[in-house]
1. Among residues belonging to region B:14-44 that are more than 13 Å from chain D (Cβ to nearest Cβ), out of contact with any strand residue (DSSP E or B) (no Cβ under 9 Å at 6 or more places or on another chain) and not polar (S, T, N, Q), point out the one that is farthest from B:GLY77 (Cα to Cα).
2. Among the residues of region B:127-159, write down those that are crowded, with 21+ Cβ neighbours inside 10 Å, in a helix (DSSP H, G or I) and of a type outside the set (Lys, Arg).
3. Based on what the data block shows, is D:GLY250 within 20 Å of the chain's Cα centre (by Cα), crowded, with 24+ Cβ neighbours inside 10 Å and either part of a helix (DSSP H, G or I) or more than 7 Å from chain C (Cβ to nearest Cβ) (or both)?
4. If only one of C:THR204, C:THR214 is within 14 Å of C:ALA372 (Cα to Cα), out of contact with any Asp or Glu (no Cβ under 8 Å at 6 or more places or on another chain) and β-branched (Val, Ile, Thr), which one is it?
5. The conditions are (1) within 13 Å of chain C (Cβ to nearest Cβ); (2) within 22 Å of D:LYS110 (Cα to Cα), and D:MET199 fails exactly one of them. Which is it?
6. Hey, D:GLY306 hits all of (1) buried (at least 23 other Cβ atoms within 10 Å of the Cβ); (2) of a type outside the set (A, V, I, L, M, F, W, C); (3) away from chain C (no Cβ under 12 Å) but one; which does it fall short on?
Number of protein chains: 4
Amino acid sequence: MNRKLRMGMVGGGPEAFIGDVHRKAAVLDGGVELVAGCFSQTPQKSKQMAAPLYLDEASCYGSYKEMVEKESALPDGERIDFVSIVTPNNSHFPIATAFLEAGFHVVLDKPMTSSVEEALALRDTVKQSGKVFALTHNYTGYPMVKLARDVVKRGTIGKVLKVIVQYPQGWLIRPIERDGVKQAVWRTDPKFSGAAGCMGDLGTHAANLAEYVTGLRIAEICADLGTVVEGRKLDDDGNCLIHFDNGARGLLFASQVCIGELNALRISVHGTEGGLRWRQEYPSDLHVFAEDGTIKTYRYGTAAIGEISEAAVAATRLLFGHPEAFFEAFANIYKNATDTMRAAIEGREPTELELDFPDVDDGVRGMRFIEAVVESNGQWVQIPTA
Amino acid sequence: MNRKLRMGMVGGGPEAFIGDVHRKAAVLDGGVELVAGCFSQTPQKSKQMAAPLYLDEASCYGSYKEMVEKESALPDGERIDFVSIVTPNNSHFPIATAFLEAGFHVVLDKPMTSSVEEALALRDTVKQSGKVFALTHNYTGYPMVKLARDVVKRGTIGKVLKVIVQYPQGWLIRPIERDGVKQAVWRTDPKFSGAAGCMGDLGTHAANLAEYVTGLRIAEICADLGTVVEGRKLDDDGNCLIHFDNGARGLLFASQVCIGELNALRISVHGTEGGLRWRQEYPSDLHVFAEDGTIKTYRYGTAAIGEISEAAVAATRLLFGHPEAFFEAFANIYKNATDTMRAAIEGREPTELELDFPDVDDGVRGMRFIEAVVESNGQWVQIPTA
Amino acid sequence: MNRKLRMGMVGGGPEAFIGDVHRKAAVLDGGVELVAGCFSQTPQKSKQMAAPLYLDEASCYGSYKEMVEKESALPDGERIDFVSIVTPNNSHFPIATAFLEAGFHVVLDKPMTSSVEEALALRDTVKQSGKVFALTHNYTGYPMVKLARDVVKRGTIGKVLKVIVQYPQGWLIRPIERDGVKQAVWRTDPKFSGAAGCMGDLGTHAANLAEYVTGLRIAEICADLGTVVEGRKLDDDGNCLIHFDNGARGLLFASQVCIGELNALRISVHGTEGGLRWRQEYPSDLHVFAEDGTIKTYRYGTAAIGEISEAAVAATRLLFGHPEAFFEAFANIYKNATDTMRAAIEGREPTELELDFPDVDDGVRGMRFIEAVVESNGQWVQIPTA
Amino acid sequence: MNRKLRMGMVGGGPEAFIGDVHRKAAVLDGGVELVAGCFSQTPQKSKQMAAPLYLDEASCYGSYKEMVEKESALPDGERIDFVSIVTPNNSHFPIATAFLEAGFHVVLDKPMTSSVEEALALRDTVKQSGKVFALTHNYTGYPMVKLARDVVKRGTIGKVLKVIVQYPQGWLIRPIERDGVKQAVWRTDPKFSGAAGCMGDLGTHAANLAEYVTGLRIAEICADLGTVVEGRKLDDDGNCLIHFDNGARGLLFASQVCIGELNALRISVHGTEGGLRWRQEYPSDLHVFAEDGTIKTYRYGTAAIGEISEAAVAATRLLFGHPEAFFEAFANIYKNATDTMRAAIEGREPTELELDFPDVDDGVRGMRFIEAVVESNGQWVQIPTA
């Protein structure tokens, strides 16, 4: 299949933030081109994106339904190969379902849906469709997160005993949703975001990261959510005690009101033979702790990585000391997902490396996590692990 | 009063660790000399300390009762002025009581007693005695901890909203108490340590630090304690959700089984106007977060400190960039406590700066903390704030 | 001009490293598409790039001369708008000259030429052509480097007194050029690299960074170059004393043989009122020193940046805490250079922000720097500042 | 010999800084007591120190000559065992000579003398006297510096190729010597400090550290000294190219006018098999670089240290994660020097560990270093290695 994959987008209009991230991430490696989109529910706003994105206005649809219909009518090679959905959470479910049922591969922003029920239904649709479905838990795209996972998998730190995962931010310390800041408006409104605010936006990333790195599942949770900014309808801060399915204990916390924290996703894992630590804001380093008290720092792109983790090497574009960061990690989700789409198109089995991207099962787990933390209210609740 | 204060010690024999720390810390500033001690309950072992400490064997007593009796019989200026008690937790109460009742000032290692009841009784004894009583929650002796407290007090970070305080260690990951390692033996034995292991040894420091820096009190706690090493009788790991008396939420965790963590007491405080962070292992820096995204790092011994905190300056012996560390922080507890003793001896009121050391009320709170975390077992329990 | 700019490339064939970086950087922001190239001097190898780059074989030329000729013959909008030249240093001059004379804008990898004479001739050609010419001293594309420059420009650190700039790497500690590692082969061969090895490859970046941040010019230099790996024909390590044109003193060093250093470009600038520090490997932070001993850390994408530096904000794609790195900094050179090309095409004056990219004068200075360090041999030599 | 060593002091009066450091460092380990001193050349000021130091006024002498005479007349066990000399540089030579000739052991602050001639004469006196002579190049007392030395000695980093050693400070950026700040006055006055300012005060520490860690000798130097503050009579900033006696290249720089630098002694050493880095301001960590790109961080007081360095363990008082700092490193010089004195008094050979302190030969090298950097003036000069 010697052409670029044709990408469509739903969402990502004039004031959006994450849409542009998806667009840049998708094209970084040169195998994808954006060819169509429904960038806004307001047809005129959608068409406004034609010029800055160098698209035909005809490819800028006024509704996702129109997009599904018209793209479906085009011949193969002229219609989109897959769609990226970057709308607020509440619309994920119908849009993703429509594209899957029309036979398109889907990349979907997280959290996956508005409820566990929708998540389970979407999972069924994905499985029936046979299409590739990727959820952009983008932080697992970082090479050093893959290395961390592989360090654990190798047994270097032994059996996991304790996990501390945190994701504090501070940008919602003021009620800027009342000033109409779009990023704040939908994130603090249950109509768009669902039952959880901070825990849906950030907590799900933290939970996903913890499960990805450890290979474990969070089995029980005791959550203490709060709303610091008066009048806000959803949690903007929360702390959780967690138990994993192997008996390990942990802490998970997230916040949108910690001044000084920018996007501070961090994880520490301690086991019977060692430990490790990684921070998203300084993503090039992975620290691995040995029982003799030394810390071994693995750095991005160096020979030592290759000895441990094929996946981390595959996720790396540059040599040592030339840092890659957020866009490149995000692009790794796209790279693996679109390579898997190519495999589907070419009729071959995808490799294990290509399949290394978050999928619909991760999405279901995210929704179960949200359900559990909202239900908990300071009591222990169990999370089904399937 | 132009002579060095005369110090006695109970505990701190041949295999002890913390006794030597107390001795070095006490003499660092030149105003104290060690003149007597009951260094072991075994009289012969106690006398073995005479040579290495350059003491007369006659001043090395075979029991603390003998010590109280004989020292009391000496004339003023020949007997000890105060005693440092550095024995395992279970003997703190009777020994401290005996010396206080005999009219000696007391410095006591933490946690204060074996139970809340003992703590309350000791508080009464202290108050009745009129003697100076200091508890070595030594981490509050660090200049940058005092600066952190004063930054909060000034209002720089506004109303406190969230506190994360942690104290992980890793040295008890193996059952070394079974190999007779003395430091491990008493810490893991309820007979010596009381109802809590890790939470008594480390959690109390973390709780004390959080309260000292914020000026708040922990009002409620939901604790998830665990014992990772099989067969161990006390907790060696624990995570807690906490609520402060102003409504702030927080997390407190401690561990003795996190490989890679050495003595990693750390605190982050976030408020309505800013935040701060401090780490014991790199104690010279205090990071203060502003809402505009900048971090202001205050460094040990520089002019900026003086503008904010008289207490931090008073706790500093060297100029900028000449780091001070654990011994010096410990010595600051001794300095303030012994300056307060001198004030008592000289019949003057101690200054506010001199009175800046942990006292019997901190000890009571520590015991209440231990009682609460042990009782909690995953449920919320309240901690009386007085 | 509502279409993507059409980019051609010379160099960047199968085994190349930097060519792919240019390609990714150029397209990141969506305004450029790669449409043609002469990817190798071997026509067959050049055509091999058609498939992975999704190009027509017809657009993959067998020589740069063929490329100039054929592209020149195409109508506007079908021919390339600009060329990126990413060949070894020795061929920069003729290729760049040919494209400029044919009326194409040029992006050229550094160092600019093989000699000062070539550099001066190329400068004349650029000025006569009226075309946009950008040199990829990519490190000045980092937002925090722009902030550093603007902090100096504002006077925050006063008059510059001392600069320490360093660029150590370690990957050439073994004679891997003898194993045919392509990146090593041309860098250690005077035929391709010119008179300097490490100092041409790395030292020029360090010198350019120092001049960009301070706004000063290096006026005198005393260099101590060495070749650590036996038999290597060019310097692989060097230390320099430097004097700036305002009288400030400094140090510049670079190395390819420092094990443990990856790509460790770092700069510290100290002035009469403050100082600053930046490191390429952790590029999101800029540390600014105040005389009171505090360090103010500016972090990528936060409000504080906006108050100081329009250029840093313009160079930023993401919000706070979502790190950008090497590719994005590189892309900023392309962004400003291609925006300037668009201005030229549209017949308008480029803005100051658009013009913020390294140009032919920086290239001349780089060649003068190389000439000086090679000539120095432990003695002071002057560098003409024009 | 079961008593504390009796210490006398020359210097260290009311406004002194380093005298108090010596006093605290000397007594930290409990084996030394201060019993006498000539704390000032003004007899009255000397006697003023009696009260704060809890000494008899009779032991506070009015001149060092009186002190030598009167102490010499006392019987053994009542007179001082050794003297610590902490006066400005220019008086080191006569005072040290007088005490050595009277049969006292000597601890002397650095730099050792005012000239190479004095240094050589003092070396002769020390050798003839048979007394213990220690020079307080205190930074080599840090455990991690000893570990660094032992890592090099073991061959872990191979043959040393490159050394970067730096010692910037910033506190003399203003002409505070004109305000009478005593620490500034004598450091900037050639009458007290000798031929070099910054290079004598700081450069000698840097040179000593480089030689201690690498086991090499600086053989050639090309220095570029400057005086930033107008009217100051000595250098306050300087950069040097250096060559070691094994052919390794390096850089040494020091400054008193770098705002933002506090006491930033740092060293990096790169060899054929690895590298290492240490920083005085964060002294608990030693970073060792491997060729595979990993960094191994050794931390203070952990098991890994013990495997490599008996000397680092012997220099450590606390367990892991309980940081020690400047005073403790300083105390390690005293500990080893006074243990060596005890050996002399007891008539036994000191051990290799006890002899690990800077001696008169280090002092000679320091004076040769000063002579060379002052003579250099931008030209290469050789330093005799004996």
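The values are calculated or read from the model by the stated rules, or taken from the named source; none is laboratory data. Just so it is clear, the structure is predicted and the values come from calculations on it, not from any experiment. In this analysis, Cβ positions are derived from the backbone assuming ideal geometry, glycine residues included, and neighbour counts consider all displayed protein chains.
1. B:GLU15
2. Listed by number, the residues that qualify are B:ASN138, B:TYR139, B:THR140, B:GLY141, B:PRO143, B:MET144, B:VAL145, B:LEU147, B:ALA148, B:VAL151, B:VAL152.
3. no
4. C:THR204
5. Answer for D:MET199: the failing condition is (1).
6. (1)
Conditions tested, residue by residue: (1) basic (Lys, Arg); (2) over 20 Å from the mean Cα position of the chain (by Cα); (3) within 14 Å of chain D (Cβ to nearest Cβ).
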position: C:GLY293; (1), (2), (3): no, yes, yes
position: C:THR297; (1), (2), (3): no, yes, yes
position: C:ALA325; (1), (2), (3): no, no, no
position: C:ALA331; (1), (2), (3): no, no, no
position: C:GLY347; (1), (2), (3): no, yes, no
position: C:LEU355; (1), (2), (3): no, no, no
position: C:ASP362; (1), (2), (3): no, no, no
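Each row is one residue, and each column tells you yes or no for (1) within 19 Å of C:LEU108 (Cβ to Cβ); (2) touching a strand residue (DSSP E or B) at 6+ places or on another chain (Cβ under 8 Å).
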{"residue": "C:ILE295", "(1), (2)": "no, yes"}
{"residue": "C:ALA311", "(1), (2)": "no, no"}
{"residue": "C:PHE320", "(1), (2)": "no, yes"}
{"residue": "C:ALA337", "(1), (2)": "yes, yes"}
{"residue": "C:GLY347", "(1), (2)": "no, no"}
{"residue": "C:GLU352", "(1), (2)": "no, no"}
